[in-house]
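Accompanying notes for the structure given below.
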């Protein structure tokens, strides 16, 4: 419910800023872009993102919209890949004229889309992605997020493991943007606490059989 409340507040804020423009430029409907994974490994995240936006918009529209302006959602599938994510983001901004882009799920795709929203000065709310670059090298003034990044998560997890489980750790991460970020940040956090990283390995994002790595971990 907290996340839905965040969506409602952000959607309302974007609509308020937009409709505050001179009357001649005000649209009758304020459009929001929903860009996420509709199929593939992150399909669940993408569907929940869409459901959350729909709930928020339904709540706002049931109350008359924002200053009398209804909110419309336009959804696109980013295919969990940077290139399609960029194409769909450009389409949502330039063709559909969305004023807020929500998404995307994969950190690799988010990294690419952040360049698009910066270029077009479009408000971008990150829904799921957590890699640290979103608050460092890729950060821009149109970008918002309610997600803890990999540094925050790593610091908390490293402290818990050292205090409760021991200092010898084998780091096993998912081999894509966020997984690499998680592994890198966790290694740094663990070593600062005196932890001993005995090995590091990554598996492809869609891996289902992890047995090839069991020997090294043991």
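The values are calculated or read from the model by the stated rules, or taken from the named source; none is laboratory data. Note that the coordinates shown come from a computational prediction; the quantities given were computed from them, not determined experimentally. Reconstructed Cβ throughout: ideal geometry from the backbone, glycine too, with neighbour counts over all protein chains shown.
Which residues, counting only those in the range 120-133, are touching a strand residue (DSSP E or B) at 6+ places or on another chain (Cβ under 6 Å) and assigned to a loop (DSSP other than H, G, I, E, B)? Give the steps one after another, and end with the answer.
Keep residues of the range 120-133 that are touching a strand residue (DSSP E or B) at 6+ places or on another chain (Cβ under 6 Å), which gives 122-127.
The answer is 122, 127.
Which one of these is assigned to a helix (DSSP H, G or I) and in the same structural domain as residue 47 (by TED's automatic domain parsing): 117, 137?
Values: 137 fails: assigned to a helix (DSSP H, G or I).
One residue alone meets the criteria, 117.
What's the number of the condition residue 109 fails, among (1) under 15 Å from the mean Cα position of the chain (by Cα); (2) more than 28 Å from residue 69 (Cβ to Cβ); (3) without any contact (Cβ under 8 Å) to a residue 24 or more places away in the chain?
Unmet for residue 109, out of (1) under 15 Å from the mean Cα position of the chain (by Cα); (2) more than 28 Å from residue 69 (Cβ to Cβ); (3) without any contact (Cβ under 8 Å) to a residue 24 or more places away in the chain: (3).
Filter the range 158-191 down to the residues that are in a helix (DSSP H, G or I), surrounded by 17 or more Cβ atoms within 10 Å (Cβ to Cβ) and more than 16 Å from the chain's Cα centre (by Cα) and list them by number. Give the derivation first.
Looking only at the range 158-191, we keep the residues that are in a helix (DSSP H, G or I), and these are 158-164, 177-191.
Subset that is surrounded by 17 or more Cβ atoms within 10 Å (Cβ to Cβ): 158, 161-162, 177-187, 189-190.
The answer is 158, 161, 162, 183, 184, 185, 186, 187, 189, 190.
Hey, can you tell me all the residues within the range 67-87 that are more than 16 Å from residue 49 (Cα to Cα) and free of Cβ contacts under 8 Å to residues at least 60 places away in the same chain? First the steps, then the outcome.
Here is the first cut: in the range 67-87, the ones more than 16 Å from residue 49 (Cα to Cα) are 67-71, 81-84, 86-87.
Those that are more than 16 Å from residue 49 (Cα to Cα) and free of Cβ contacts under 8 Å to residues at least 60 places away in the same chain: 67, 68, 69, 70, 81, 82, 83, 84, 86, 87.
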